[in-house]
1. Out of the range 139-179, which residues are of a type in the set (K, R), closer than 24 Å to N70 by Cα and exposed (fewer than 15 other Cβ atoms within 10 Å of the Cβ)?
2. In the range 208-232, what residues are more than 18 Å from V5 (Cα to Cα) and either outside the structural domain of M195 (by TED's automatic domain parsing) or without any contact (Cβ under 8 Å) to a residue 60 or more places away in the chain (or both)?
Amino acid sequence: MAQIVETYAEDDDPASQTGLRSPDLITHVAVHKMTVHDGHRLPDALDDLADRSLTPKLLLADSHYGSAGNMALAQERAIEPTAPVRTAKGCSSGCLTLEEFSLDEDGLVVRCPNGVAPVSTSAAQAKLQARFDLATCRQCPDRNRCPVRADRHDGQIARFQYTPARAENQKRRLYESSDAFREIYRWRAGIEATMSRLNYQMNLANLRIRGMPAMRYTVNLRALSLNIRRCVAAQA
């Protein structure tokens, strides 16, 4: 698996209107085993870029890199990260998720998807909690797919617990539905064309080599070759 970082410029950049726009160039290449998750490679990429004074001001990435830890790491380095949050657990099976609940600025539940307010809420460092009236929840038409799971509680109260990270993800998902997010994130699609050119124009899709050292050497050289092509095209 190869991790690629490249530069980009928006169409309304003044340099592009005068013909002086620099070509989009690959600034980081890392090849590693398929057993390593994409999200775990972002710290190494940021370290490599920082060592060569190429730290970006804005970083666009796909959802695999959009964990809370990666977002915090980028912000610590004065980088503005933009990446979608991964799909909430339970969405694919039709269950209600925290995204359907209304939260206040502190991440505490204000109302459930059916408009019922909790009896009380509380916040701790590791968990946030909303307590609902169990009798009301048992009459809810969505009780079988609600994370409160009233059918598993006894007594008078049903507790719904979740982490502060999940509450923060809800805010990010709301932002992802905005025009502002779509306007800036659309530029991330450009690197898909770069990956296609590496695979087919630079023939990375049909390599006849084995071994990680040889693979790293070849992928880096072909990424360099693509950069040279782009620089030549920009000067033509």
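1. Answer for the range 139-179, where residues must be of a type in the set (K, R), closer than 24 Å to N70 by Cα and exposed (fewer than 15 other Cβ atoms within 10 Å of the Cβ): just K171.
2. R208, I209, R210, G211, P213, A214, V232
Condition check ((1) in a loop (DSSP other than H, G, I, E, B); (2) surrounded by 12 or more Cβ atoms within 10 Å (Cβ to Cβ); (3) not assigned by TED's automatic domain parsing to the domain that holds R186) across all residues:
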| position | (1), (2), (3) |
| --- | --- |
| P81 | no, yes, no |
| G107 | yes, yes, yes |
| V116 | yes, yes, yes |
| S122 | no, yes, yes |
| A126 | yes, no, yes |
| Q129 | no, yes, yes |
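The values are calculated or read from the model by the stated rules, or taken from the named source; none is laboratory data. Every value quoted in this text rests on a predicted model; they were computed, and no experiment measured them. Here the Cβ is made from the backbone with ideal geometry for all residues, glycine too, and neighbour counts use every protein chain on show.
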